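Notes follow the structure.
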Amino acid sequence: MEKVRTRFAPSPTGYMHLGNLRSALFEYLIAKKENGTFILRIEDTDQKRVVTDAVKFITDTLSLCNIHVDEGPMQGGEYGPYFQSERLEIYQNYAKQLVDMGKAYYCFCDEERLEELREEANLRKVAFLYDGHCRNLSKEEIEEKLKNNTPYVIRQAMPKDGVTSYDDLVYGHIAVENALLEDQILIKSDGYPTYNFANVIDDHLMHITHVVRGNEYLSSTPKYLLLYQAFHWTSPLYIHLPHIVKEGGKKLSKREGDASFMDLYNEGYLPEAIINYLALLGWSPSDNQEIFSMDELIEKFDYHRINNSPAIYDVKKLQWINAQYIKKLSLDELCELTLPFLEEAYDLSVKSKEWIKELIRIYQNHLSYGKEMVELVELFFKEEITIDLEAKEFMKQEGIENTLKIFKNKIEKIFWSVESINQAIMDTKEESGAKGKLLYMPIRIKTTGQMHGPELPETLFLLGKDTVLKRLS
Ligand code: GLU
């Protein structure tokens, strides 16, 4: 059997949205499941969009996510170079071959003429399609223009009739009438290839077996297949992925402030958890498992189970998954994750290292993402706490004031430790007759302003005797 080879082919635009990362992940999983090869190819043919350091950004993101590149710009490999901008000659040669075969042609139409065509199409309210004006230039005309250095592009000569179709592994049978396909540009006037051309040449030369990408390419794939046919090449399998959308159906977009991978990472989401979450955006296992290590994903991932309906991005679900990973961190790892946020938000210099560590520890099971620690522990850093309506309502119950008075008396006299605070709560129970919620909740609300939180004696201990007494008064 042919060895599986997949590729992640980002354009270096300076950030990685979640859809990109999910494509990379699925490609990686498909390759690794079959002991195949995962390739990184940088699609930098649109030089206007290239951002400095973007490649480093992409490779850093992949390595944070535990996605290992086998062949790529840093690793090298048999089928390099892996920057498209370093392969210009390759594309130009193949384009010329197509011209010789009559499957492509030089087009000398200038911007002015194209603009006229566009306006005309606009007026008629139809999509602009290049009209094939240069398709029938004579050999002499072409030579003449080339000799005079007239700027040109190379366009694909689409068949006038027939249908081109393929079976996408997610979307099923896709068929397009050739008459509807534009004679698309393969080589631009600056000598660079378009994506439409370069992706075909590279996927072929790099022996890619499975192409995984966003479904915006679903309907242009027939154009690519015509190129494969022209060269008598076998095409790869296609796996187009549904978009990731927000509740309500809108596409995630950087411009609208939707989180990218780095945004999430910078808020203290763990890369393993983000990856775990992304795996479930559009794919599901055959059982109900929700938490997967990378190795488990490699074992269980099956692209036949990718769903073609839009995948809905649900922050709550991501937070739940992230919380599961946070629960498994060692205390040192948890401190590493959360301390920078706390340092930025609060003056920690007045607190001891042990106190801070203990504070972080008691919130481990309450935390969804690193930065959330700042809100969770706010009550330890501010003088006044606010009590919300629900809690106020609770506090109206009979006997509560008495319970609180008894508790206050008890702790006034004790040596401050978790055990003695616990004992004071037990003694209060005995003396007041209050139990369960009516015992713990009033103390919690009065001292923290909240109805939920970590173990009460530990919380009170860290608040300190003075603060607890003051809040009880
Ligand atoms: N450079 C393209 C993009 O970033 C890649 C699409 C593909 O994977 O073929 O959208």
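Where a number appears in this text, it was derived from the coordinates with a stated rule and is not lab data. As the structure is a computational prediction, the values presented were derived from the model and not from experiment. Here the Cβ positions follow ideal geometry from the backbone for every residue, glycine too, while neighbour counts run over all protein chains shown.
Ranked for footprinting exposure by Cβ neighbours inside 10 Å, fewest first, Arg471, Arg118 give Arg118, Arg471.
Compactness of segment 131-285 was expressed as the Cα radius of gyration divided by 2.2 N^0.38 Å, which yields 1.36.
Strictly over 19 Å apart at the Cα level, which of Lys56/Lys250; Lys145/Lys188; Lys408/Lys470 would you flag in this model? Distance filter (> 19 Å) returns Lys56/Lys250. Annotation note: trypsin sites (Lys or Arg not before Pro) in segment 384-461 located in DSSP loop regions with a Cβ neighbour count of at most 14 within 10 Å are Lys396, Lys435.
Amide H contacts for Ala104 (H built 1.01 Å from N in the peptide plane; partners 5 or more residues away or on another chain; cut-off under 5 Å): Val99, Ala157. Name the shape class, rounded, prolate or oblate, that the alpha-carbon gyration tensor gives for segment 113-193, where a ≥ b ≥ c are the square roots of its eigenvalues, rounded holds for a/c under 1.5, and otherwise prolate holds if a/b is larger than b/c and oblate otherwise. The shape class here is prolate. Rg over Rh for the chain works out to 1.16, using Cα positions for both radii and the Kirkwood form for Rh. Restricting attention to the chain, close to 55% of DSSP beta bridges with both partner residues there are antiparallel. Here Asp295, Asp168 are placed in order of increasing Cβ neighbour count within 10 Å, fewest first, which gives Asp295, Asp168. Relative contact order for the chain: 13 percent, from Cα pairs under 8 Å spaced at least 6 residues apart, divided by residue count.
For segment 142-202, a crude dipole built from +1 on the beta carbon of Lys and Arg and -1 on the beta carbon of Asp and Glu, taken about the Cα centre, is about 280 debye to the nearest 20.
Each residue, Glu86 and Ser473, gets one label point 7 Å from its Cα in the Cβ direction; the gap between the two is 7.2 nm. Amide H contacts of Tyr269: Gly370, each under 5 Å away and 5 or more positions distant or on a separate chain (H built 1.01 Å from N in the peptide plane; Pro and chain starts excluded).
Placing a label point 7 Å from the Cα of Glu384 along the Cα-to-Cβ direction, the residues of segment 430-466 whose backbone N falls under 18 Å of that point are 446-450. Note on segment 226-299: the alpha carbon radius of gyration divided by the globular reference 2.2 N^0.38 Å gives 1.52. Taking θ as phi - 60° and the Karplus parameters 6.51, -1.76 and 1.60, the scalar couplings of segment 381-389 work out to 10, 10, 5, 8, 10, 9, 10, 7, 4 Hz in sequence order, x denoting glycine and proline.
One Cα centroid belongs to segment 353-403, the other to segment 47-71; the line between them spans 41 Å. Dipole check for the chain: with +1 at the C-beta of Lys and Arg, -1 at the C-beta of Asp and Glu, and the Cα centre as origin, the magnitude is about 980 Debye. Annotation note: GluC sites (Glu not before Pro) in segment 63-97 located in DSSP loop regions with a Cβ neighbour count of at most 16 within 10 Å are Glu78.
Here the sum of -39500 (n - 2.57) over DSSP H runs of 4 or more residues, divided by the residues of the chain, equals -13500 deg cm²/dmol at 222 nm, to the nearest 500. Stretched out straight at 0.36 nm per residue, the stretch from His232 to Gln324 would grow longer than its current Cα-Cα span by 28.1 nm. Computed about the Cα centre, the dipole magnitude for segment 371-473 is approximately 240 debye when only Lys and Arg (+1) and Asp and Glu (-1) carry charge, each at its Cβ. Between rounded, prolate and oblate, where does segment 44-115 land on the alpha carbon gyration tensor, with a ≥ b ≥ c its root eigenvalues, rounded for a/c under 1.5, else prolate if a/b exceeds b/c? Oblate, since a/c reaches 1.5 and b/c is not below a/b.
Unpaired cysteine residues in the chain (no second Cys Cβ under 4.7 Å): Cys65, Cys109, Cys335.
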